[in-house]
Structures are given as structure tokens and as C-alpha cells.
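Nothing in this text is a laboratory measurement; each read-out follows from the coordinates by a stated rule. These numbers come from a predicted model, not from an experiment. Every residue, glycine as well, gets a Cβ built from its backbone with ideal geometry; the counts of neighbours run over all protein chains shown.
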There are 2 protein chains.
Amino acid sequence: MLVRTPADLGAVIRDRRKQLDLDQATLAKRVGVSRQWVIEIERGHPRAELALVLRAIDVLGIRLDASVGPAPDHPHSESVDIDGIVARARKAKP
Amino acid sequence: MLVRTPADLGAVIRDRRKQLDLDQATLAKRVGVSRQWVIEIERGHPRAELALVLRAIDVLGIRLDASVGPAPDHPHSESVDIDGIVARARKAKP
DNA sequence: TAGGAATGTCATCGTTCGCCGACATTTCCC
DNA sequence: GGGAAATGTCGGCGAACGATGACATTCCTA
């Protein structure tokens with residue numbers, strides 16, 4: 001699933017937790033946070049700590065992949081690096 | 001790239017920013033944060049705000065994908081949902 | 001080499017996190 | 001329906017965030 005907002009993240013975490021049949025308390029213990037925190041995260045709390053979120057994701061066996069561009073295709077993509085070329089060109093004669 | 005830690009995130013953001021030939025101040029302004037924040041994030045600050053990180057990622061045109069399992073293969077994977085089946089089975093007679 | 005732009009550092013300040021503990025509510029089996 | 005487990009809510013507390021503004025350092029380039 002594509003993650004754009006904290007709410008997306010929360011949904012992913014909650015779904016996966018249920019999929020694994022874990023209750024919030026158990027997940028909290030495994031991640032090393034309070035049960036409160038799990039509740040807030042699953043709600044889509046926007047100001048959550050990055051590291052804790054990543055730990056939760058890891059505990060749940062979720063993979064987070066960062067790729068460039070909103071298009072879900074990548075036949076060769078990055079070997080061309082159009083953005084870089086344009087950027088450098090633009091900078092040449094400011 | 002696979003994102004596991006705040007440092008990974010920082011690296012992704014920094015690389016992409018340079019790829020687009022943006023300086024920290026410009027990125028900061030576009031994301032709506034201070035330049036300080038950009039510096040800290042690129043350093044891998046573990047306690048950054050989730051929403052700000054996601055906004056930065058979005059501004060940079062980076063896609064974040066959440067999939068299940070650390071294995072990079074998915075021939076059919078989720079249509080079987082082995083985890084769910086096992087979890088439910090385990091719960092049947094506690 | 002001089003100048004400026006980009007990057008990194010510092011101290012201060014208001015705001016909010018995440019934790020704790022207890023309580024309310026919902027959900028789900030028997 | 002009854003009761004236990006899971007989930008959500010409340011107030012209070014220490015710690016840390018992120019913003020600001022000024023300053024130091026590194027890196028280009030004219």
C-alpha cells in the first residue's frame with residue numbers, strides 16, 4: 001500500500017496487527033511503547049516519533065520501500081536520471 | 001530503497017534533494033519547516049514528527065510503499081494470508 | 001584570493017510528545 | 001444476558017520537539 005499520510009500509516013499498522021492477531025498491549029510491549037501510543041498511531045497521530053513508528057513497522061514485519069516518482073512503473077527509470085540532468089543544466093548559467 | 005531506520009530516511013531525503021538540486025533552505029520552505037529541521041532529518045534524527053517527514057517525502061516526489069514481509073518476492077503472497085490463518089487457528093482453542 | 005552561498009552549530013522558548021495509572025466503553029464468547 | 005478481554009479516555013508530568021535568530025564553517029566561482 002502507498003503511504004502518504006499518518007492516517008495511511010495508522011491503517012497499515014492496525015490492519016497488519018489484526019492480521020497477526022495481536023492486541024494493542026502485546027504490540028506495545030514488543031515495540032517498547034505504551035498501549036496509549038499504539039492507540040494514537042492507529043488513529044493517525046501526525047506528530048508521532050519517527051523511530052517508534054519504524055520500530056513498530058519492523059515488529060509487524062512490514063517492508064517500507066522508498067522509490068522515486070509517483071508512477072508505479074520502473075522499467076529502467078533511475079539509470080536515466082532526468083531530474084538530475086535538468087537540475088544540473090538549469091544551474092549551469094543562472 | 002528499503003527504509004528501516006531514521007538514518008535510512010535521512011539518506012533518502014538528502015540524496016533526492018541533491019538530485020533535484022535544492023538547497024536545504026528551499027526544501028524547508030516548501031515543506032513548511034525550518035532549515036534546522038532539514039539538517040536534523042538528513043542526519044537521521046530519530047524523534048522527528050511523522051507528518052513533517054511524510055510532507056518532505058511528498059514534496060521531493062518520493063513514493064513510500066508498505067508491503068508485508070522482508071522478502072522482496074511476491075508471486076501471490078497475500079492472497080493466501082498464511083499469517084492470518086495461523087493466527088486464527090491458534091486463537092480457536094486457547 | 002576575495003566574496004557569497006550553502007551548510008552546520010548554539011542557546012532560548014513555547015508547545016506537545018509519550019508515559020503512567022485509573023476509569024469508561026465496546027466487543028466477543030460462553 | 002453475563003463477564004472478561006480488548007479498546008478508548010482522562011489528567012498530570014518530565015523530556016524533547018521544532019522555530020527563531022545569530023554566528024561559524026565549508027565550498028564554489030568569478
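What the table shows:
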| item | result |
| --- | --- |
| For the range A:17-28, Karplus couplings with θ = phi - 60° (6.51, -1.76, 1.60), whole Hz, Gly/Pro x | 4, 5, 4, 8, 6, 9, 8, 4, 4, 5, 4, 4 |
| Closest Cβ on chain A to the rotation axis that carries it onto B (distance rounded to whole Å) | A:65, 2 |
| Sequence-distant residues sharing a close amide H with residue A:63 (under 5 Å, placed H) | B:67, B:68, B:69 |
| The range B:33-47 - phi-based ³J(HN,Hα) in whole Hz, Karplus 6.51/-1.76/1.60, Gly and Pro as x | 10, 7, 5, 3, 4, 4, 4, 5, 4, 5, 7, x, 3, x, 10 |
| Point-to-point label distance, residue B:23-residue A:43, nm (Cα→Cβ direction, 7 Å offset) | 4.1 nm |
| For residue B:48, residues with placed amide H under 5 Å, excluding near neighbours | A:50, A:51 |
| Label 7 Å beyond Cα on the Cβ vector: residue A:35 copy-to-copy distances, nm | 4.7 |
| Under the Karplus curve 6.51 cos²θ - 1.76 cosθ + 1.60, θ = phi - 60°, whole-Hz ³J(HN,Hα) for the range B:60-66, x wherever Gly or Pro sits | 7, x, 9, 9, 10, 10, 9 |
